[in-house]
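Okay, structure first, notes after.
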Amino acid sequence: MLGQTSRTKEDNEEDVSSSPVSRRTCFRLTTTALSSVLGFTSVSAAQGVSRQATLTYPIRPGTKEETTVYVTEAPKPGPTVMIVGGQHGNEEAGYTAGEAITDWNIDAGKLVLIPRANQPAIRQDSYGGLEGNLNRHFPAGERPESDLARSIWNVVLEHQPDFLWDLHSSKGIYSEGTGVGQAIFPTAAGDAATQANALKAYLNRTVVDDYPNRYQFTGYNQKTDGMRDMLIDKMGADLATPAAIFETTRDGLDLEIQVTFTTAAVQRFLERYGLLESGTNP
């Protein structure tokens, strides 16, 4: 699988004492990226750097579900990573982080983004869209159950990502049994569990260290892909492609902090997977 390297136990537990990305850096990146999304004023960390060309194209054009796909490809070859946000319209952190990431540079490979997957739900600030819960429209081994789900799956098939992230935010916290927030849920396929566990260790020691313990990231390893009709399950069951859901919580964290956690996680993963050079700002 592209992007995978042989790693030791210490690598997987993320020795953050030598980590090239500090929590301060993560907050700076997020503030910069959010300037256009949330109306903040900041100086770009990448000021003076030529932006890479990003291809954009619509899916479901001319319908209420029309949304944009962003594809950034670096001159240097590498893995393809796909990121989806906004499957649930009342989970603002997922699609806000996705929009911020569309402005990032990468050093190698290809980054495919659908930041606002479910536009009707986002406009209505509702969990489901025109046809209910979009993230239950991806049955394993079968055709996706709605037009929007089929369009998203077609993007997957077109770009054949080596890893997929699905960005969400919960009204509760997984470790407290009140929801699925502050958790990462990988598929069984490929190195998804290894990547998720390393990312949790990094976030907890480097990004979440100043917050109460309830905001530490937890989660579980998916035992059987395809058991639920979710996008990540279909990735694992149909394509044997690793994927994971990333969940922040809306319980006690404002939007800026939720997006900070999410973008810090994506940045760290892209570094580990080879799309970003370590310590390089997107």
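The values are calculated or read from the model by the stated rules, or taken from the named source; none is laboratory data. Note that this is a predicted model, so its numbers are computed, not measured. Glycine gets a Cβ as well: all are built from the backbone with ideal geometry, and neighbour counts include every protein chain shown.
Criterion first (basic (Lys, Arg), touching a Ser or Thr at 6+ places or on another chain (Cβ under 9 Å) and at pLDDT 95 or above) does Arg205 satisfy it? Judged against the criteria, Arg205 is a match. How many residues does the range 117-137 contain that are among the hydrophobic types (A, V, I, L, M, F, W, C) and closer than 14 Å to Val84 by Cα? Residues meeting the conditions: 3. Scanning the range 128-157 for residues that are modelled with pLDDT under 95 and either aromatic (Phe, Trp, Tyr) or part of a loop (DSSP other than H, G, I, E, B) (or both) returns Gly128, Leu130, Glu131. In the set (1) closer than 27 Å to Glu131 by Cβ; (2) out of contact with any Gly (no Cβ under 7 Å at 6 or more places or on another chain); (3) buried (at least 20 other Cβ atoms within 10 Å of the Cβ), the condition left unmet by Asn154 is number (3). Whether a residue is modelled with pLDDT of 95 or more, within 18 Å of Ser170 (Cα to Cα) and under 16 Å from the mean Cα position of the chain (by Cα) was assessed, and Glu271 does not pass this test.
So that you can scan it fast, the table gives a plain yes or no per residue for (1) at negative phi; (2) buried (at least 24 other Cβ atoms within 10 Å of the Cβ); (3) touching a residue at least 12 places away in the same chain (Cβ under 8 Å):
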residue	(1), (2), (3)
Gln124	yes, no, yes
Gly128	yes, no, yes
Pro139	yes, no, yes
Ala149	yes, yes, yes
Glu158	yes, no, no
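Contact annotation: residue pairs with Cβ atoms under 8 Å, 6 or more positions apart or on different chains, pairing a residue in the range 206-225 that is exposed (fewer than 12 other Cβ atoms within 10 Å of the Cβ) with a partner that is modelled with pLDDT of 95 or more, are Lys223/Ala188. In the range 103-119, the residues that are within 16 Å of Thr63 (Cα to Cα) reach residues that are among the β-branched types (Val, Ile, Thr) with C-beta atoms within less than 6 angstrom, at least six apart or across chains, in these pairs: Arg116/Thr67; Arg116/Ile122; Ala117/Val84; Gln119/Thr67.
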